[in-house]
Protein chains: 2
Amino acid sequence: MSKSELPRPTEAELAILRVLWDRGPSTVREVTDALQEARGTGYTTALKLLQIMIDKGLVQRDDSAKSHVYEAVAAAETTQRQLVSDLLERAFGGSAHQLVLQALSAKRASSDELAEIRVMLDEFEKKSK
Amino acid sequence: MSKSELPRPTEAELAILRVLWDRGPSTVREVTDALQEARGTGYTTALKLLQIMIDKGLVQRDDSAKSHVYEAVAAAETTQRQLVSDLLERAFGGSAHQLVLQALSAKRASSDELAEIRVMLDEFEKKSK
DNA sequence: TGATATCTACGAATCGCTTCGTAAGAATCT
DNA sequence: AGATTCTTACGAAGCGATTCGTAGATATCA
């Protein structure tokens, strides 16, 4: 079984993935604490979600210790790319520059950010040649 | 009541909105036909969705004729901006340039597209000054 | 007119997501 | 040991999204 076909994470699952990407491998307790303030997630809720995410292949688990340790299977960039790609098709009909435009409008991007994006474009173009 | 607080459309609702943005005001029949190939949506399914979307304020209806005519309340750009903004927070922690980067990676954007995006950045920067 | 087609409205079934209560086992404290 | 705390596992409730069947009203056709 290849890793290439992970399902799109749901909203709650994405919140958990963000914690795992941020903290690295973590226990249920640690995930719960991290989500406590932002979402008020309860302990058994986080546990259940992580168990479901194992079934889906989104996370893997090390259960050698008493408190199991969970880890995201896909890198942040991979999942983010999947999500953007999804939105691009579903909402923009594949028009990347429309998406970028709306992203900048939504964010009211600063000049610094715009400059950063320009650098990215340069690198991107260099690579694709 | 202001129009400013429309809920985020669901997946099926977004598919309908795209038809309405594309075609302009349309009947249930027209929406169903447009979605038939892409999604296999049945007539009563489209009708029910449109009725739900009226409750949510996503569409409005002209029922003066026998076949009611539905129209999107928000412009495409407005909803798209909302969706991108949402994804930006939920998946990227607000980092716009990370989102742009993943969008370009996902799309393998062409040089033409990249050029288009550069033009956009210029205009954007000009406006924000 | 009678049959057929088209439309709206409504209810219900189904499914996935999210949350929580509870039970049972294991470790820790007194 | 006995009580407390922490953990995993599991089931189920609640909710929203999606789909469809059916009924009833209205228009169209033969």
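The values are calculated or read from the model by the stated rules, or taken from the named source; none is laboratory data. Only a predicted model underlies this, so the values are computations on that prediction, with no experimental measurement involved. Every residue, glycine as well, gets a Cβ built from its backbone with ideal geometry; the counts of neighbours run over all protein chains shown. These area figures cover heavy atoms from the full protein model, side chains too; ligands, DNA and RNA do not enter into them. Shrake-Rupley method; radii C 1.70, N 1.55, O 1.52, S 1.80 Å.
For residues that are of a type in the set (S, T, N, Q) and assigned to a helix (DSSP H, G or I), scanning just the range A:41-57, find the one that is farthest from DNA strand C (Cβ to nearest atom). Steps first, please.
Within the range A:41-57, the subset of a type in the set (S, T, N, Q) is A:41, A:44-45, A:51.
Narrowing further to those that are assigned to a helix (DSSP H, G or I): A:44-45, A:51.
Values: A:Thr44: 4, A:Thr45: 4, A:Gln51: 9 Å.
It comes out as A:Gln51.
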**Request:** Could you tell me whether any residue of the range B:51-68 is within 14 Å of chain A (Cβ to nearest Cβ) and either more than 15 Å from the chain's Cα centre (by Cα) or under 17 Å from A:Leu87 (Cβ atoms) (or both)?
**Result:** no
**Asked** Of all the helices (runs of 4 or more DSSP H) wholly in the range A:73-129, which have at least 3 residues that are open to solvent by 60 Å² or more (accessible area, probe 1.4 Å)?
**Response** A:76-92, A:111-127
**Request:** Kindly indicate whether any position in the range A:59-68 is among the basic types (Lys, Arg) and farther than 30 Å from B:Asp112 by Cα.
**Result:** yes
**Fill in**
Residue hits (the range A:17-33; in contact with a helix residue (DSSP H, G or I) (Cβ under 8 Å, 6 or more places away or on another chain) and over 19 Å from A:Gln80 (Cβ atoms)) are A:Ser26, A:Val28, A:Arg29, A:Glu30, A:Val31, A:Thr32
**Prompt:** Applying the selection to the range A:96-129, what residues are more than 7 Å from chain B (Cβ to nearest Cβ) and β-branched (Val, Ile, Thr)?
**Reply:** A:Val119
**Message:** I'm told B:Ala38 meets every condition in (1) exposed (fewer than 15 other Cβ atoms within 10 Å of the Cβ); (2) within 13 Å of DNA strand C (Cβ to nearest atom) except one. Can you identify the failing condition by its number?
**Reply:** (2)
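Looking at the range A:20-42, can you tell me whether even one residue there is closer than 30 Å to B:Leu17 by Cβ, over 18 Å from the mean Cα position of the chain (by Cα) and within 16 Å of DNA strand D (Cβ to nearest atom)?
Quick first cut of the range A:20-42, residues closer than 30 Å to B:Leu17 by Cβ only: A:38-39.
Still in the running and over 18 Å from the mean Cα position of the chain (by Cα): none.
Among the residues of the range A:20-42, not one is closer than 30 Å to B:Leu17 by Cβ, over 18 Å from the mean Cα position of the chain (by Cα) and within 16 Å of DNA strand D (Cβ to nearest atom), which makes the answer no.
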